[in-house]
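Q: Before anything else, here's the structure in question.
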Amino acid sequence: MSEIRKDQKAILKKLGIEQLNQMQQDAEKAILSNSEVVLLSPTGTGKTLAFLLPIIAQLDPELNEIQVLILVPSRELAIQIEQVTREMGSGYKTNAVYGGKAGGKDKIEFRHPPAILIGTPGRVADHIRRENISVDFIKTLVLDEFDKSLEVGFQREMEEIMFSLTALKKKVLTSATQKLEIPEFVEIENPFELNYLDEKKPTLKLKIVESKANRKLETLVHLLGHVGDQNGIIFCNFKDTIQTVSDFLHKKKIRHDCFYGGLEQIDRETALIKFRNGTHKFLVATDLAARGIDVPELNFIIHYELPPREDEFIHRNGRTARMHSAGTAYILKEENENVKEFIEGIEIEKIQKNKEHVKSNWDTLYISGGRKDKISKGDIAGLFFKQGKLGKNELGIIELKQDCAFVSVPSSKSNQLVKDLNNSKLKKRKVRISRVD
């Protein structure tokens, strides 16, 4: 155990975390000492780190095979967990596989098998069928937000994967919902359960904003002016509604991005990057953004359309008022519109109309080099400080990917920076720099 503590101390220092929260401490003990663990904890409480730390501590450093499989319901969650694992700097190879990413790239990565494989059920099942990966040494399985995987139709693939994992010794299931029904095929017999869903929650305010009939778009614009200099997600039920809302916001010159399942993966990732770094304060999204995406603390969310079920309403609201922060969930409702039972009794908020919108002062630049080119965040910062002549507080968030990077810079200087820095050298490699619109 002393060696585990030593490894954990180094990892937490690298992540800039002084101490694990109580849920993470309890989860570590439970996962280290039990073969079946069910962890129930709200979105944003640190479940990923809670299961990764004890799992990494039990890996065999001499074994060059896949030892851990983490199944997730969405590409974004797979990417997020992969990013966290790499930032931990444990020394163990990690790969994420998911739809929308070329299967050929996965096969190249598998020439040197990762210790930890993260993936969506569909893509993982496909690799197992094609015998691209060996499952003979997978002793630990994590089903992260597994209830969501079943919701989006992965049951057949999950059954197939479970049947193939004959060497399993440990199963960890996580969820952010109380409605937990574990399917028989998971073969959980006597799990150790940790439930943090009933703990005192941060302050969430629920408010209804009424609009005149057929004037919802105008009311949305007024509401975005009302919230001021804050960031949030506007939830819609359908892709077509997102397009309608987005077109109207563009017409009103309100910067934003869209996020839904039909988008290309690169567009989804870029939308989240611009949302995280402050280029855009608003994200217009489907319920895909309700769970499993890496975004900053949200001041508010807006239900442009209410979801059909209360549990999805709760998950959407869970994107704001996370951990110890307060937040507001606004519900847009037309006059005389019938309300769903789960929003009855919520107070009506009067908003100030025609209030000027607070505009973002940041733009995002793309850099055509990343980790595989041995480029670091420090290299990028040095380029923008020295050759770009940015001040200390003028360089925003840098996100480093495997083959590229993104950096936020003041809007007033973005065009000049592209002109001055495009085709500069980073680690002896000439990189292209362009603005992401």
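Q: Measure up Lys9/Lys274; Lys148/Lys333; Lys389/Lys428 against 23 Å on the Cα-Cα distance and list the ones that go over.
A: Details: Lys9/Lys274 32 Å; Lys148/Lys333 27 Å; Lys389/Lys428 20 Å.
Among Lys9/Lys274; Lys148/Lys333; Lys389/Lys428, the Cα-Cα distance tops 23 Å for Lys9/Lys274; Lys148/Lys333.
Q: Any of Lys253/Lys425; Lys205/Lys251; Lys170/Lys377; Lys14/Lys170 with alpha carbons more than 32 Å apart? Name them for me. Kindly include the intermediate steps, with their values, before the conclusion.
A: Details: Lys253/Lys425 36 Å; Lys205/Lys251 30 Å; Lys170/Lys377 37 Å; Lys14/Lys170 27 Å.
Violating the 32 Å limit, Cα to Cα: Lys253/Lys425; Lys170/Lys377.
Q: Sort 385-393, 35-43, 248-256 by packing, meaning the average of other beta carbons within 10 Å per residue, with the highest value first.
A: 35-43, 248-256, 385-393
Q: Let me ask you something else. How long is the gain from Phe238 to Ile397 if the chain were fully straight, where each residue apart is worth 0.36 nm and the alpha carbon distance is subtracted?
A: Details: separation 159, 0.36 × 159 = 57.24 nm, distance 3.11 nm.
Extra length from Phe238 to Ile397 when fully extended: 54.1 nm.
Q: Please tell me which of these pairs span more than 20 angstrom C-alpha to C-alpha: Lys29/Lys171; Lys386/Lys430; Lys374/Lys413; Lys139/Lys171; Lys216/Lys252?
A: Table pairs above 20 Å Cα-Cα are Lys374/Lys413.
Q: How much FRET efficiency would the formula 1/(1 + (r/R0)^6) give for Lys389 and Lys253, where r is the Cβ-Cβ distance and R0 is 35 Å, rounded to 0.05? Numbers along the way, then the final one.
A: Values: r = 30 Å, r/R0 = 0.85.
For Lys389 and Lys253, the calculated efficiency is 0.75.
Q: Grab the Cα-Cα distance for Lys374 and Lys207, subtract it from 0.36 nm times how many residues apart they are, and report the gain in nm with one decimal. Display every interim value, and only then the final one.
A: Numbers: separation 167, 0.36 × 167 = 60.12 nm, distance 4.88 nm.
Full-extension gain reported as 55.2 nm.
Q: Order the peptides 414-426, 338-350 from the highest to the lowest mean number of other Cβ atoms within 10 Å of their residues.
A: Working: 414-426: 15.2, 338-350: 11.2.
In descending order of packing, they fall as 414-426, 338-350.
Q: Give me the distance between the Cα centres of segment 38-85 and segment 233-277, rounded to whole Å.
A: Centre-to-centre (Cα) distance: 28 Å.
Q: May I ask you to order 396-403, 352-359 by the average number of other C-beta atoms within 10 Å around their residues, highest value first? Spell out each step's value before the answer.
A: Values: 396-403: 16.6, 352-359: 11.9.
So the order, starting with the most tightly packed, is 396-403, 352-359.
Q: What residues have an amide H closer than 5 Å to that of Ala329, excluding those fewer than 5 places away on the same chain, when H is modeled at 1.01 Å from N in the peptide plane?
A: Sorted by chain and number, the residues that satisfy this are Lys205, Leu206, Lys207, Ile301.
Q: If Lys and Arg each add +1 and Asp and Glu each add -1, what is the summed charge of the other residues whose beta carbon sits under 14 Å from the beta carbon of Glu269? Don't jump to the answer; show the numbers that get you there.
A: Values: positive: Arg75, Lys101, Arg268, Lys274, Arg276, Lys401; negative: Glu76, Glu82, Asp257, Glu264, Asp267, Asp294, Glu399, Asp403.
Surrounding charge for Glu269 is -2.
Q: Now a separate question. Determine the dipole magnitude for segment 188-296: charges of +1 sit on the beta-carbon of Lys and Arg, -1 on that of Asp and Glu, nothing else is charged, the reference point is the Cα centre, and the result goes in debye to the nearest 20.
A: Numbers: 17 positive and 15 negative charges, 157 e Å.
About 760 debye.
Q: In nm, what is the difference between 0.36 nm times the number of residues separating Ser424 and Leu12 and their Cα-Cα distance? Intermediate values should be presented prior to the final figure.
A: Values: separation 412, 0.36 × 412 = 148.32 nm, distance 3.47 nm.
Going from the current span to full extension adds 144.8 nm.
Q: Let me ask something else about it. Would you mind working out the magnitude of the charge dipole of segment 4-151 relative to its Cα centre, with +1 at each Lys and Arg C-beta and -1 at each Asp and Glu C-beta, to the nearest 20 Debye? Let's see the in-between values first.
A: On the way: 19 positive and 20 negative charges, 87 e Å.
Charge dipole, segment 4-151, about its Cα centre: 420 debye, nearest 20.
Q: For the chain, what is the charge dipole size about the Cα centre, in debye to the nearest 20, if Lys and Arg each add +1 at the Cβ and Asp and Glu each add -1 at the Cβ?
A: About 2640 debye.
Q: Let me ask something additional. Per residue of the chain, what 222 nm ellipticity follows from adding -39500 (n - 2.57) for every DSSP H run with n ≥ 4, rounded to the nearest 500?
A: Numbers: 14 runs with 146 residues, N = 437.
That calculation yields -10000 deg cm²/dmol at 222 nm.
Q: For the charge dipole of the chain, defined by +1 on Lys and Arg C-beta atoms and -1 on Asp and Glu C-beta atoms about the Cα centroid, which residue among His226, Gln25, Ile254 has the Cα displaced farthest towards the positive pole?
A: Going by the Cα projections, it comes out as Ile254.
Q: With the dipole of segment 259-379 worked out from charges on the C-beta (+1 for Lys and Arg, -1 for Asp and Glu) around the Cα centre, which of Gly278, Asn336, Asn299 lies farthest toward the positive end?
A: Result: Gly278.
Q: Taking the dipole about the Cα centre of the chain, with the C-beta of Lys and Arg at +1 and of Asp and Glu at -1, give me whichever of Tyr98, Gly153, Phe406 is farthest to the positive side.
A: In the chain, that residue is Phe406.
Quick note: the coordinates plus some simple rules give every number you see, no bench work behind them. Please read all numbers here as calculations on a predicted model, not as lab measurements. Cβ atoms come from the backbone with ideal geometry, glycine included; neighbour counts cover every protein chain shown.
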